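One structure is given below, encoded as structure tokens.
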Amino acid sequence: MLLDRYRQALGKSKEGQSLYHHSMAAVDILLRVAALAGEQPGPRLDRLVFAGVIHDVGKLDPDFQVMLEAAYRKGPDPAKIVKHEACTFDHDHQHLVLESKEAIRDELRGGVAVRNAEFDSQFSYCLDLESLDERAMEHIWAFAVTHHGLFYVSYERDADGEVRPRVRRQWTCSAQREVRRITLVDLLVEYHPLGGLVMIGDLIASYCHENRKDYRKAFAQARTLRELIERLTQLAPEIEAALTRDDPRDYGLEAVLALLGGGLP
């Protein structure tokens, strides 16, 4: 099951944080952000919470685990560099997620204890699985693929006539067999003002774990979602440094945060 795999896999190299605790910290944070924005439990929030749980499923890729293990053990850099969002649909991850829906619902409903660098947090959420129909899952996969602002999901017809999701990067290009696509911009519009919620949860969880900060304090200092994004923008260089520790690349984080905050009152 997915949660067992998460507990056994690395999510962050610092202190060997498990993928389970990183993912659940991101969910804890996104629930706090949703409350800050006045979002009530319902189908939209169900989708966002489930997306928070599975957003880093691509980190189960064996080569990405080698990257994290090398950073954790301070060993030599691995020969192969992997971008985990691009691995979202690899290794039968879709089937693994779909067969774990009930287990994830039960885990969230029973209460989750999140261990962080210097503090513990707890939360619970009553997830309605009826909110996670086929169309909802397309959005959830898109949240996972787009959560660093680099990729989008292209649905393409293969040689057998089946339409399958592919991870693509060049927004200005269309694959020859593309039927439709879901991009970060689509999610920002569809879930306004919380289309960037999964991204924000992941960013804050990564930054606070890397820098041994209590993310709960951020919500005592921000009165609105805009104030929170403005604060994240100020911290963008530090946040990007935390991200690149495990996944070296240019995230263009300030530009992405400007996109997230652009339509907020």
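The values are calculated or read from the model by the stated rules, or taken from the named source; none is laboratory data. Here the structure is a predicted model, which means the values were calculated and not measured. Cβ atoms come from the backbone with ideal geometry, glycine included; neighbour counts cover every protein chain shown.
Observations
- Condition met for Lys59 (surrounded by fewer than 18 Cβ atoms within 10 Å (Cβ to Cβ), over 14 Å from Val114 (Cα atoms) and of a type outside the set (Ser, Thr, Tyr)): no
- Checked against (1) loosely packed, with under 14 Cβ neighbours inside 10 Å; (2) at pLDDT 95 or above; (3) of a type in the set (Asp, Glu); (4) touching a strand residue (DSSP E or B) at 6+ places or on another chain (Cβ under 7 Å), Asp120 meets all criteria but (2).
- Within the stretch 220-230, the set of residues being more than 24 Å from Asp46 (Cβ to Cβ) and part of a helix (DSSP H, G or I) comprises Ala220, Gln221, Arg226, Glu227, Glu230.
- Scanning the stretch 30-43 for residues that are over 15 Å from Asp56 (Cα atoms) and either aliphatic (A, V, I, L, M) or in a loop (DSSP other than H, G, I, E, B) (or both) yields Leu31, Val33, Ala34, Ala35, Leu36, Ala37, Gly38, Glu39, Gln40, Pro41, Gly42.
- Residue in the stretch 200-219 that is assigned to a helix (DSSP H, G or I), loosely packed, with under 15 Cβ neighbours inside 10 Å and not polar (S, T, N, Q) present: yes
Here's the yes/no breakdown for (1) among the aliphatic types (A, V, I, L, M); (2) surrounded by 16 or more Cβ atoms within 10 Å (Cβ to Cβ); (3) not in a loop (DSSP other than H, G, I, E, B):
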{"position": "Leu3", "(1), (2), (3)": "yes, yes, yes"}
{"position": "Val49", "(1), (2), (3)": "yes, yes, yes"}
{"position": "Ala70", "(1), (2), (3)": "yes, no, yes"}
{"position": "Gly75", "(1), (2), (3)": "no, no, no"}
{"position": "Val82", "(1), (2), (3)": "yes, yes, no"}
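- If the condition is being closer than 27 Å to Ile29 by Cβ, of a type in the set (Val, Ile, Thr) and either assigned to a strand (DSSP E or B) or in contact with a His (Cβ under 6 Å, 6 or more places away or on another chain) (or both), then the stretch 162-198 contributes Val167, Ile182, Val198.
- Neighbours by Cβ (under 7 Å, 6+ apart or cross-chain): first from the stretch 116-145, without any contact (Cβ under 8 Å) to a residue 40 or more places away in the chain and basic (Lys, Arg); second buried (at least 20 other Cβ atoms within 10 Å of the Cβ) and assigned to a helix (DSSP H, G or I): none
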